[in-house]
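These notes concern the structure reproduced below.
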Amino acid sequence: MRRFANFIDGEWVEHAGATLPVDDPSTGEQIAEVPDSDTTVVDRAVAAARRAFDTGSWRRMSAADRADRLRALARVLETRFDGLVDDLVADSGSTARFAPMMQVGAPLAHLRDFADMAPLLAAPAAYPVQTTPGFGQWELHREPIGVVGAFSPYNFPLFMAVWKVAPALLAGNTVVLKPSPLTPYGPDALARAAAEAGIPPGVLNLVHGDRVAGEALAEHPGVDLLTFTGSSAVGSLVMGAAARGLKDVVLELGGKSPGLVLPDADPELAVRGMLFSSLMHAGQACVALTRMLVPASQRDDYLDLLAERAGAVSLGPAADLATDVGPVISEAARQRVEKLVSAGLEAGGRALVGGTPPVGVPEGGHYVTPTVIVDAAPDNPVVREEVFGPVLVVQTYDDVEHGIRLANDTPYGLAAGVWGGDLQRARQVALRLRGGLTWVNDAAQADVARTPFVGRGRSGVGGELGPEGLFAYTVTRSLYTALDADVGARPYGVVGSEWE
Ligand code: NAD
C-alpha cells in the first residue's frame, strides 16, 4: 500500500503522526494512506514557502524563465502519462475513457497555456508625466503577492491543483498546496515533477491532510493569498479566514447549472449534451449542467428521448473501458447523493430513470444508479441543491421568459448552456443566464486556460484562468521616477511655508 509523504522545502518528509485512508471508489478497497498533517507540519511548509519567497531566486527570475520551468514540469509529467492515468482512475474513480483527456491531458495543456501567458506579466510601457512644475515617469509593475495557500478538491486532483499552482508560480509566488486527502496521486506527481523541472526548494510545497491542515493553512499569518476550489460550505469558512487575516482570496465553488433547451433546439444534440454534462465523472464536475429546462409543449418527446438514452448508460468500475459512469468518490458521498435523491422523490419528484439501488456492480464500490428526475417543483431540494452525483433534473417552462427565470432561480451561477436552432437568439438568451462559463449548443468546452472561469453568487469569488485569473496572483506596484533634478520644482516648499 502506498504511503504518501509531505513535500517541504524540496524534501520528502515522512509522516509519523495520524494518517487518512485513500480508497479506490470502484471497489471500496484501501489503496494508500496520506498524512493527516497538523499545524506543526503546516508551520514548516509555510516557513519554507516564506523563505523561498522573501530570500530566494524565484521571484527575481524573469517570467519567461519561470514559464520555461512550467513547460519542463509539463514535459516531466508527460513522460508519466499512462501511469498517471491509471493512478487517477484508481483514486478519483474517473473512468478510463474520460481520465486520459480530462484528468491528465487537459492539466498538461493548461500548464503549457499558462506558460505561454508569461508575456502578460512584463512591465507595461512607462507613462511620462508632466507635473506643474517638473516632470517624471510612472511605471506599473505586476509583482507576486507572496505565499499562496492553495486548496484543491477531489474531483479533478491534478487539474485543479494546476489551475492554482501554475498561475501562482508563473507570477513569482511560492505555494503551499493542500489537496483533498481522498485523491493524493495527482498532487504528489506534480510536486515530484516540480523538483525534477528545476523549481527551487520551498517554491512548491505539498501538505496532505484535511480539515486540521486546511484550517491551519487558511489561518496562517505567513500566507498572503488563499485560493480555494471546493464546496461552497468550506469556501465560506476559507473566506472567513481570509477576512480575519486580511488576505486576498479566490474561491471556485459549487454549482447547480441549467441547460435551457429552446423550442427550436435539435433534441438529439440537447439530450446528448445534457446527459454527457450531468453524468460525466459520475456527476462530480462543478460545471455539470444538472437541470434541463424544456418547453412544456415538448415535454413528452424529451422524456421519451431521455429515458431511451439515459437508460442505455452503463454503470461500472472506472477502469473498465465499457463503463460510461463510474462510482462516486466515497461511501459518504454515495449516501449523501442517495439521501438527496430520496428527498427529491419524497418532495414530489418522479424518477424517469434510476432512483433505485445499482445492480451488477462490484460489492464495496460507491455506485449510484444514473438518475433522471422529472416533475420536481422549483423549491424541491433536488432542484436547488448541488447533488454532485449522476443525477439530472428535468424542469418544464411555458415560454422562454419563464425558462430564463427558472434557469436563474438558484443561489449559484457557475455555468449555463442553451440549445437552439437560431444561433443569434440562443446567444442572446445565453447572455441572460447567471453563470460565468456559458455554452451554446454544447456542454463540454472548458479546456482553454485563456478563457476565464468565473463563478457568481454561491459559485465563487474572483475567478481563475485567463489574464484576470493570472493577475489575481499579482499586485501592481506603481513606481514613480522623478526625471527633473531641480529641487525647486518640487512642492516641498509647502512644508516650509506652512508648518515651520
Ligand atoms: P471540499 O470543500 O470538501 O474540500 C475542498 C478542499 O478543502 C479539500 O482540500 C479539503 O481537504 C479542504 N478542507 C476541508 N475542510 C476544510 C476547512 N475547514 N478549512 C480549509 N480547508 C478545508 O470539496 P470537495 O468535496 O473536495 O470537492 C467538491 C466540491 O468542489 C463541489 O462542491 C464542486 O462543485 C466544487 N468544485 C468547484 C470547482 C470550480 O471551479 N468552481 C471545480 C471543482 C470542484
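The values are calculated or read from the model by the stated rules, or taken from the named source; none is laboratory data. For clarity, every value in this text was computed on a predicted model and none was experimentally measured. When we count neighbours, we look across all protein chains shown, and the Cβ atoms used for this are built from the backbone with ideal geometry, even at glycine. Surface areas here come from the heavy atoms of the whole protein model, side chains and all, with no ligands, DNA or RNA. Shrake-Rupley method; radii C 1.70, N 1.55, O 1.52, S 1.80 Å.
General remarks:
- Members of the range 280-299 that are over 20 Å from Gly435 (Cα atoms) and either open to solvent by less than 10 Å² (accessible area, probe 1.4 Å) or in contact with a helix residue (DSSP H, G or I) (Cβ under 8 Å, 6 or more places away or on another chain) (or both): His281, Ala282, Pro295, Gln298
- Selection of first residues in the range 8-26 that are surrounded by fewer than 17 Cβ atoms within 10 Å (Cβ to Cβ) and of second residues that are part of a loop (DSSP other than H, G, I, E, B), restricted to Cβ pairs under 6 Å at least 6 apart or on distinct chains, gives the following pairs, ordered by first then second residue: Trp12/Ala5; Glu14/Ala5; Ala18/Asp36.
- Some residue of the range 231-246 being within 13 Å of the ligand (Cβ to nearest atom), under 13 Å from Val461 (Cα atoms) and in a loop (DSSP other than H, G, I, E, B): yes
- Test for Leu262: is it more than 12 Å from the ligand (Cβ to nearest atom), within 21 Å of Arg434 (Cβ to Cβ) and either in contact (Cβ under 8 Å) with a residue 12 or more places away in the chain or of a type in the set (Asp, Glu) (or both): yes
- Hits in the range 388-419 - residues which are open to solvent by 10 Å² or more (accessible area, probe 1.4 Å) and assigned to a loop (DSSP other than H, G, I, E, B): Phe388, Asp398, Asp399, Asn408, Asp409, Thr410, Pro411, Tyr412
- Flag if Ala213 is near the ligand (Cβ under 10 Å from one of its atoms) and crowded, with 24+ Cβ neighbours inside 10 Å: yes
- Yes/no for Gly316 being surrounded by 18 or more Cβ atoms within 10 Å (Cβ to Cβ) and either in the same structural domain as Ser278 (by TED's automatic domain parsing) or touching a Lys or Arg at 6+ places or on another chain (Cβ under 9 Å) (or both): yes
- Criterion violated by Glu252 - all others in (1) open to solvent by 10 Å² or more (accessible area, probe 1.4 Å); (2) more than 18 Å from Gln395 (Cα to Cα); (3) of a type in the set (D, E, K, R) satisfied: (1)
- Unmet criterion (only one of (1) touching a residue at least 40 places away in the same chain (Cβ under 8 Å); (2) touching an Asp or Glu at 6+ places or on another chain (Cβ under 8 Å)) for Leu305: (1)
- Where a residue in the range 86-107 is closer than 18 Å to Leu279 by Cα and not assigned by TED's automatic domain parsing to the domain that holds Pro317 and its partner, wherever it lies, is part of a helix (DSSP H, G or I) and charged (D, E, K, R), with Cβ under 9 Å and at least six apart: Ala96/Asp86; Ala99/Asp86; Pro100/Asp82
- Candidates in the range 332-347 are the residues that are over 25 Å from the mean Cα position of the chain (by Cα) and open to solvent by 60 Å² or more (accessible area, probe 1.4 Å); of these, the one that is farthest from the ligand (Cβ to nearest atom) is Glu346.
- Filter result for Ala243 (at pLDDT 95 or above and open to solvent by 30 Å² or more (accessible area, probe 1.4 Å)): yes
- Pairs linking a residue in the range 446-474 that is closer than 15 Å to Met117 by Cβ and assigned by TED's automatic domain parsing to the domain that holds Met117 to a residue that is of a type in the set (Phe, Trp, Tyr) and crowded, with 21+ Cβ neighbours inside 10 Å, with Cβ atoms under 6 Å and 6 or more positions apart or on different chains, are Gly463/Phe453; Glu464/Trp163; Glu464/Phe453; Leu465/Phe453.
- Selection within the range 173-210 - within 11 Å of the ligand (Cβ to nearest atom) and not in a loop (DSSP other than H, G, I, E, B): Leu177, Lys178, Pro187
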